[in-house]
Amino acid sequence: MTRSTSIRRHLWPLLELATRVGCDPLLTQASTGNISIKLDGVLWIKASGKWLADATSDEILIPLDLGELHASIRQDRDPAEGHSNASIETAMHVTLPHPVVLHVHSVHTIAWAVRQDAAAQLETRLHGLRWQFIPYVASGLPLAREIEKSLSVRPNTDVLVLGNHGLVLGGKDCQATADLLADVERRLAIPARQAHPADYALLADLAADSPWALPDDDAIHVLATDPVSRNILEGGFLYPCQAMFSDGNSPELFHAAPDPAPDAADYAGRPFLIVKGCGVVLRPEITPAETAMLSGLAQVVQRIGPSAPVRYLTDDEVAAGSSTAAYRYRALANARASELQARCKVTTRQTG
Ligand SMILES: [Zn+2]
């Protein structure tokens, strides 16, 4: 067996797990989420901008020298900056000692992680697991430093809930990590609140006379049709991915247009429009990554209760996070949604 065949054999379970996780929109949206494995002094980690869903059909992993990565972090240099195609979360994967590390933007987890009382809510649900909550901190070296601190207090931690961000799991192998993911998802599951359906006749009228089009994902309309979701969105940004749009620093983008027959000229330049009580329309040029972000957002907000004390990102956190998030998504908004769906279907068939 050649060395590359042997490496491929070791990586295959990780690639299968990555594909499965990447094809579940409740776990990852577009290029979000990442995965890594430590093998013989090498960190194999998802390259920045690659989609987990592509793991078995594309080369999504890059090998990085673990010794060099540790040295970089010790010298306070973010290793992702030294390797232009390394995941922005490389420092986090290096800092966690587990052979396998998985990071997902699980909508169930995020619906808890955007609450001011997240730690207390999670305590009752994750009781018995070796978990910790890390309040929001920017991705990259700052997040890795917070994880380092948490591990110095409780080194055995293998579940991290990241405030206003997502979930990180560490395991001794892929099976253990997958089992842990299933357990955490089951414990944190929240049923989606039902909203009345979109007003398709009105949306069709709107699309007929304007540059807008209807989304393929009907679930996006909840951003407009569910009053509780609308209220939550009007309070501010829940997580940095919301700032991925070019003018993402303006939270008004997520405020519903009050007029059921809005004048397109009033909303020129917006990639999407939330029409209060009716539904959501999209610009044709909206990217698959942006649409996936909207779908994920709809899934999150309809799992946050009307009286939940929401912890929004501060203006400084939005400003610091938006440039990175926007760059990441724009760099990667190249695959068409239909192609992605086709890939996911094919992969599902192959892996059973
Ligand atoms: Zn993330």
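The values are calculated or read from the model by the stated rules, or taken from the named source; none is laboratory data. Quantities reported herein were computed from a predicted structural model and do not represent experimental measurements. All Cβ positions, glycine included, derive from the backbone under ideal geometry; neighbour counts span all protein chains shown. Protein only, heavy atoms only, side chains kept; ligands, DNA and RNA dropped before computing areas. Shrake-Rupley method; radii C 1.70, N 1.55, O 1.52, S 1.80 Å.
Data for the structure
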{"item": "Qualifying positions in the range 24-37 - open to solvent by less than 40 Å² (accessible area, probe 1.4 Å), within 19 Å of E185 (Cβ to Cβ) and either away from the ligand (no atom under 16 Å from the Cβ) or in contact with a helix residue (DSSP H, G or I) (Cβ under 6 Å, 6 or more places away or on another chain) (or both)", "result": "L27, T28, Q29, G33, I35"}
{"item": "Criterion (away from the ligand (no atom under 16 Å from the Cβ) and either under 19 Å from the mean Cα position of the chain (by Cα) or surrounded by fewer than 15 Cβ atoms within 10 Å (Cβ to Cβ) (or both)) met by exactly one of P262, P197", "result": "P197"}
{"item": "Any chance A342 is at pLDDT 90 or above and either in contact with a His (Cβ under 6 Å, 6 or more places away or on another chain) or part of a helix (DSSP H, G or I) (or both)", "result": "no"}
{"item": "Some residue of the range 48-56 being without any contact (Cβ under 8 Å) to a residue 40 or more places away in the chain and away from the ligand (no atom under 16 Å from the Cβ)", "result": "no"}
{"item": "Candidate set: the range 96-140, residues that are within 16 Å of the ligand (Cβ to nearest atom) and part of a strand (DSSP E or B); chosen: the one farthest from S229 (Cα to Cα)", "result": "V101"}
{"item": "Scope the range 216-245; condition surrounded by fewer than 24 Cβ atoms within 10 Å (Cβ to Cβ), small (G, A, S) and more than 14 Å from T291 (Cα to Cα); matching residues", "result": "G235, G236"}
{"item": "Residue under evaluation I62, criteria (1) in contact (Cβ under 8 Å) with a residue 12 or more places away in the chain; (2) under 14 Å from the mean Cα position of the chain (by Cα), criterion not met", "result": "(2)"}
{"item": "Residue in the range 62-82 that is within 14 Å of the ligand (Cβ to nearest atom), assigned to a loop (DSSP other than H, G, I, E, B), modelled with pLDDT under 95 and surrounded by 18 or more Cβ atoms within 10 Å (Cβ to Cβ) present", "result": "no"}
{"item": "Yes/no for V161 being within 15 Å of the ligand (Cβ to nearest atom), touching a helix residue (DSSP H, G or I) at 6+ places or on another chain (Cβ under 6 Å) and more than 26 Å from R20 (Cβ to Cβ)", "result": "no"}
